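Read through the structure below, which is laid out as structure tokens, and then see the notes.
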Amino acid sequence: MITHALLPGVARLAFIRGVCWLLVALLGASCSTGKKPEDDWNSLRIWHQVANQPPTYVPTGYGADRPRTEHDGTWFTDQRDGKRLFVPKQGVRGWEPGVLAGEAKKATGYDGKPRLTAGEKAWWATMCLLGGLARVQVPPPD
């Protein structure tokens with residue numbers, strides 16, 4: 001059996017480079033950036049489209065000409081593709097407002113939690129990596 005022994009400094013440098021490339025690959029990848037087909041997120045046919053730019057949906061049974069202000073209900077916007085879903089405060093026949101809000105949250109990927117931007121992720125990953133190499137404690141992000 002052949003083994004290749006690397007000098008301690010070379011092995012450490014190769015490990016650091018490998019970790020850096022792994023971080024870059026993980027930060028660059030995203031699982032949910034693509035637009036989902038309507039058949040996936042609207043399989044129950046709860047929503048019907050009332051406008052194209054941006055794609056705007058209201059519950060089936062809620063008229064396209066009925067009011068859609070903040071006073072009349074809640075808007076949910078999908079940050080991935082820009083589609084907007086309106087949930088009326090009174091609900092519609094067959095669908096309670098809470099159920100509609102839950103379905104709108106699922107369809108838009110809304111979970112109410114603040115997210116770090118790509119730049120913030122890169123900044124904190126870099127700080128943690130450099131802090132780890134220097135054995136410095138870095139406080140977690142806000």
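The values are calculated or read from the model by the stated rules, or taken from the named source; none is laboratory data. Source: prediction; values computed, not measured. No Cβ is skipped: glycine too gets one built from the backbone with ideal geometry, and neighbour counts run over all protein chains shown.
Restricted to segment 82-96, and to residues there that are closer than 15 Å to residue 57 by Cβ and basic (Lys, Arg), the residue that is surrounded by the fewest Cβ atoms within 10 Å (Cβ to Cβ) is 84. Selection of segment 90-116 for residues being touching a strand residue (DSSP E or B) at 6+ places or on another chain (Cβ under 7 Å) and of a type in the set (D, E, K, R) yields only 105.
Within segment 68-84, residues that are among the hydrophobic types (A, V, I, L, M, F, W, C) reach partners that are surrounded by 12 or more Cβ atoms within 10 Å (Cβ to Cβ) and outside any strand (DSSP E or B) with beta carbons closer than 8 Å, at six or more positions or on different chains, in the pairs 75/68; 76/101; 76/104; 76/105; 76/107; 76/108; 76/110.
Here residue 99 clears all of (1) β-branched (Val, Ile, Thr); (2) within 22 Å of residue 44 (Cβ to Cβ); (3) loosely packed, with under 11 Cβ neighbours inside 10 Å except the condition numbered (3). Can you pull out the residues in segment 102-118 that are within 15 Å of the chain's Cα centre (by Cα) and either in contact (Cβ under 8 Å) with a residue 60 or more places away in the chain or part of a helix (DSSP H, G or I) (or both)? Of everything in segment 102-118, those that are within 15 Å of the chain's Cα centre (by Cα) and either in contact (Cβ under 8 Å) with a residue 60 or more places away in the chain or part of a helix (DSSP H, G or I) (or both) turn out to be 104, 105, 106, 107, 108, 109, 118.
Here is a yes/no grid of residues against (1) in a loop (DSSP other than H, G, I, E, B); (2) touching a Ser or Thr at 6+ places or on another chain (Cβ under 6 Å); (3) at pLDDT below 80; (4) among the basic types (Lys, Arg):
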| position | (1), (2), (3), (4) |
| --- | --- |
| 10 | no, no, yes, no |
| 35 | yes, no, yes, yes |
| 58 | no, no, no, no |
| 81 | yes, no, no, no |
| 87 | no, yes, no, no |
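Quick check, is residue 99 of a type in the set (Val, Ile, Thr) and modelled with pLDDT of 90 or more? Taking the combined requirement at face value, the residue satisfies it.
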